[in-house]
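Input: a single structure, listed below in structure tokens.
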Amino acid sequence: MLVVMKHGASRAEIDRVADMIRKMGYEAQPIPGKQRTVVALLGNEGRVDDARLLTLPGVLRVLHVSQPYKQVSREWKPEDTVFELSNGVEVGGEDVVLIAGPCSVESEEQILETARRVRAAGATVLRGGAFKPRTSPYSFQGLGKEGLELLALARRETGLAVVTEALDAEGVQLVAEYGDIIQIGARNMQNYALLREAGRAGKPILLKRGMSATIKELLLAAEYILLEGETRVILCERGVRSFDHHARNMLDLTAIPSVKELSHLPIIADPAHGTGHRTKVPAMARAAVAAGADGIMVEVHPDPASALSDGAQSLTPDEYDQLVVEVTAIARSIGRGIARPAESAVIAR
Ligand code: PEP
Ligand code: MN
């Protein structure tokens, strides 16, 4: 529930509302806004009787948030969440953010070459896993800390922001030191200890939808992060398990307008994991932009045939060049552009 204060409500009036909420047995969280302060009531299961709050001085009205996820919902915050990355790229705004890079960081040469090529094509965020969640324990598990160092090197060389995955709560701090965005993978979407730790790390979070998670479960997972105080959360549709194995996963494009209706958080699409096949990635990237995605994340490898993970769904740099041309045209046709870094983003040479 939200108690909306009148414009110009005094500090004492706001404190009194918060005290009353606590007296009623709930948690109070004042949220100062541009126009007015809102005091959130947290910790309720069902509908709360608002009679005692409505009559307090300075109270304009009370809003009941009907969704189980509160801070993530549009009822809580009607306007879109927009924020800037370290290189000045705006996420969740008018422009579509392009994220690209290999599934895994494999070597200095591989990550630098990929970073340079995707940057030249128009990407502003480099992806690459240093800690990999692999289905088989015998598969390549990532370079670990060395992979993070290589990502940091690629950022210095290109000015790209870096998104990379944290596999467990213990690893969050290390990933936060090197990355600009902490990725929570599909297999970890409901790892609540990890979500909480990531929400405290002080970096934006990319939260991927679990392969059998409902939209409600995805939004509740994001709620864990917002409850820790981190509001810079990007949701990611990466496909769900289906009965049909013609593709690795079924990219649920309906998730995009659904999430936009229910939540103020940005949502991007990952047509690489969403299809599993290089040949299908461009079409689904175009479709996702048309559906309203705030960003597109794809896997790019200088030599997909030799990739240590997800080669079959990785594009060559030349194929990525073409994909960017196509998604740019789709974005323009719906009144959007492609996000650019701030003029001031420094690129070390
Ligand atoms: C990845 O982004 O490389 C990855 C492992 O994705 P997901 O968690 O969606 O399977
Ligand atoms: Mn991958």
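Could you give the dipole magnitude of region 1-105 about its Cα centre, charging the beta-carbon of Lys and Arg +1 and that of Asp and Glu -1, in debye to the nearest 20?
On the way: 13 positive and 14 negative charges, 118 e Å.
Dipole about the Cα centre, nearest 20: 560 debye.
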query = In units of 2.2 N^0.38 Å, what is the alpha-carbon radius of gyration of the chain?
reply = 1.04
task = Mind checking which of T55, A130, G8 is farthest towards the positive end of the chain's charge dipole, using Cβ charges of +1 (Lys, Arg) and -1 (Asp, Glu) about the Cα centre?
result = T55
key: Fraction of antiparallel bridges per DSSP, the chain only, in percent to nearest 5   = 35
ask   = In the full protein assembly as shown, how much of R117 is accessible to a 1.4 Å probe, in Å² to the nearest 10?
value = 80
request  = Run the accessible area of region 150-189 with a 1.4 Å probe and give the carbon-and-sulfur part as a rounded percent.
outcome  = 48
ask   = If ligands, DNA and RNA are left out, what is the accessible area of E84 with a 1.4 Å probe, given in Å² to the nearest 10?
value = 120
inquiry  = Tell me the Kirkwood radius of region 112-158: reciprocal of the mean inverse pair distance over distinct alpha-carbon atoms, in Å.
reply    = 11.6
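Please express the shape of region 15-105 as an equivalent ellipsoid: the semi-axes are the square roots of 5 times the eigenvalues of the C-alpha gyration tensor, given largest first in whole angstrom.
They are 36, 16, 12 Å, listed from largest to smallest.
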message = Is there a quick way to get the dipole size of the chain? I mean about its Cα centre, with the Cβ of Lys and Arg at +1 and of Asp and Glu at -1; what is the value in debye to the nearest 20?
response = 880
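Given only helices, namely DSSP H runs of n ≥ 4 each adding -39500 (n - 2.57), what is the per-residue ellipticity at 222 nm of the chain, to the nearest 500 deg cm²/dmol?
About -9500 deg cm²/dmol.
Give me the 1.4 Å probe accessible area per residue for region 230-349, excluding ligands and nucleic acids, in Å².
Details: 5090 Å² over 120 residues.
About 42 Å² of surface per residue is accessible.
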message = From the phi angles alone, apply the Karplus equation (6.51, -1.76, 1.60; θ = phi - 60°) to region 250-260 and give each ³J(HN,Hα) in whole Hz, x where the residue is Gly or Pro.
response = 10, 5, 8, 6, 4, 4, 5, x, 5, 4, 4
task = In whole Hz, with x marking every Gly and Pro, tabulate ³J(HN,Hα) for region 87-95 from phi via Karplus 6.51 cos²θ - 1.76 cosθ + 1.60, θ = phi - 60°.
result = 9, x, 6, 8, 10, x, x, 5, 8
note = So the carbon and sulfur contribution to the accessible area of region 221-349, 1.4 Å probe, in percent, is 56
remark   = Expressed per residue, the solvent accessible area of region 1-141 in Å² (1.4 Å probe) is about 49
Over 23 Å between alpha carbons, listed pairs K70/K132; K34/K70; K77/K260; K132/K208; K70/K260 = K70/K132
inquiry  = Can you work out the Karplus-derived ³J(HN,Hα) for every residue in region 102-113? Use 6.51 cos²θ - 1.76 cosθ + 1.60 with θ = phi - 60°, whole Hz, and x for glycine or proline.
reply    = x, 4, 10, 6, 10, 6, 4, 4, 4, 6, 5, 5
query = Got a sec? What order do T231, T279 fall in by accessible area at 1.4 Å, biggest, i.e. largest, first?
reply = T279, T231
note = In Å³ per residue, the alpha-carbon convex hull of region 13-167 encloses 177
task = Would you check the accessible area of H301, probe 1.4 Å, heavy atoms only, in square angstrom rounded to 10?
result = 10
request  = Would you tally the net charge around D270, using a Cβ to Cβ cut-off of less than 12 Å, leaving D270 out, and scoring K and R as +1, D and E as -1?
outcome  = +1
ask   = Of the accessible area of region 1-112, with the probe set at 1.4 angstrom, what percent is carbon plus sulfur?
value = 47
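The values are calculated or read from the model by the stated rules, or taken from the named source; none is laboratory data. All values reported here derive from a predicted model rather than from experimental measurement. Reconstructed Cβ throughout: ideal geometry from the backbone, glycine too, with neighbour counts over all protein chains shown. Please note that ligands, DNA and RNA were not included when accessible areas were found on the heavy atoms of the full protein model with its side chains. Shrake-Rupley method; radii C 1.70, N 1.55, O 1.52, S 1.80 Å.
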